[in-house]
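Everything on this sheet refers to the single structure shown next.
The values are calculated or read from the model by the stated rules, or taken from the named source; none is laboratory data. Worth saying up front: this structure is predicted, and the values here are computed from it rather than measured. A quick note on method: Cβ atoms are made from the backbone with ideal geometry, for glycine too, and the neighbour counts reach across all protein chains shown. Remember, those area values only see protein heavy atoms, side chains included, never the ligands or the DNA or RNA. Shrake-Rupley method; radii C 1.70, N 1.55, O 1.52, S 1.80 Å.
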Amino acid sequence: SWEKLKQVDFTDVHSPLAEYYAHTSHAFAQSLHADIASMTKALNIIFSLPSVLPHICAEQLSALGNVGLAYMLNGDYSNAVQYYQKAFEFSKTHGLEFGASLAFNYASALMKCTRYKDALEIFRAKWEVLSKGKLTQHRAEVMRCYCHIFLGELDHARALLPPSLAPYPLDIQFYFHFANIAISIEQRDFFAAERTIDNLLKRFQRRKSY
């Protein structure tokens with residue numbers, strides 16, 4: 001894990017992999033900001049090794065994704081997309097799994113760049129992987145819905161509203177409620193939008209009373 005990696009002392013350890021891990025650790029030493037220069041050095045080091053051993057290939061895929069993550073943490077979504085796309089192509093070339101976190105972050109970065117159709121394509125291609133964890137699946141479900149809203153595909157968006165929100169975490173429930181309101185307003189069904197808003201206000205008032 002990142003926390004364990006941060007605790008490792010790489011001083012006086014000289015090997016490409018040791019340098020790679022040291023730079024990767026330094027890149028994410030701060031929780032809300034990433035050192036892109038350090039992660040880029042890590043990427044160059046790991047790609048200086050031949051892509052023949054399975055564990056090297058896996059680290060090369062991870063490094064590409066980590067550069068994308070570093071750019072995301074720094075708010076540079078355009079560059080993040082470029083590296084997630086490289087990671088996606090690398091995973092296909094070398095037969096590696098493009099995991100849930102990579103797929104979710106890739107789609108998130110695409111949405112930040114208003115590339116909603118491309119984000120939907122990633123959700124479609126990697127839905128099986130994204131569905132392995134409930135929280136990731138729930139977040140991906142609401143993001144798919146919003147992609148269709150932003151594209152003006154309101155019928156598709158409404159079809160993705162769950163019949164029951166009970167299985168979903170509270171924050172995801174609210175995102176779906178807001179999506180429902182947005183869809184109703186865009187479809188000029190103001191009565192339905194008002195009804196949903198009233199129900200939400202009553203819910204907030206009940207929570208406040210506690």
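Among the candidates Gly75, Gly95, Gly152, the residue that is in a loop (DSSP other than H, G, I, E, B), under 29 Å from His55 (Cα atoms) and not aromatic (Phe, Trp, Tyr) is uniquely Gly95.
Put simply, of Ala63, Ala103, Ala140, Ala80 the only residue that is open to solvent by less than 30 Å² (accessible area, probe 1.4 Å), touching a Lys or Arg at 6+ places or on another chain (Cβ under 7 Å) and in a helix (DSSP H, G or I) is Ala103.
Before we move on, is Arg158 farther than 30 Å from Gly133 by Cα and not aromatic (Phe, Trp, Tyr)? Here the answer is no, as Arg158 does not meet what is asked. Quickly run through the stretch 46-58 and pick out the residues that are surrounded by fewer than 20 Cβ atoms within 10 Å (Cβ to Cβ) and assigned to a helix (DSSP H, G or I). Residues satisfying the conditions are Pro54, His55, Ile56, Ala58.
Residues in the stretch 27-36: is at least one more than 21 Å from Tyr106 (Cα to Cα) and outside any loop (DSSP other than H, G, I, E, B)? No, the stretch 27-36 contains no residue that is more than 21 Å from Tyr106 (Cα to Cα) and outside any loop (DSSP other than H, G, I, E, B).
Under the condition of being of a type in the set (A, V, I, L, M) and on the phi > 0 side of the Ramachandran plot, the residues counted in the stretch 54-105 number 0.
The listed residues are Ala119, Ala125, and the only one of them that is without any contact (Cβ under 8 Å) to a residue 24 or more places away in the chain, closer than 30 Å to Val67 by Cα and among the hydrophobic types (A, V, I, L, M, F, W, C) turns out to be Ala125.
Of the set (1) within 19 Å of Ser101 (Cα to Cα); (2) out of contact with any His (no Cβ under 8 Å at 6 or more places or on another chain), all apply to Phe47 but (1). Restricting attention to the stretch 160-203 and to residues that are of a type in the set (Gly, Ala, Ser) and assigned to a helix (DSSP H, G or I), the residue that is most open to solvent (accessible area, probe 1.4 Å) turns out to be Ala182.
Of the residues Phe123, Phe88, Phe98, the single one that is surrounded by 15 or more Cβ atoms within 10 Å (Cβ to Cβ), within 30 Å of Tyr168 (Cα to Cα) and under 11 Å from the mean Cα position of the chain (by Cα) is Phe123.
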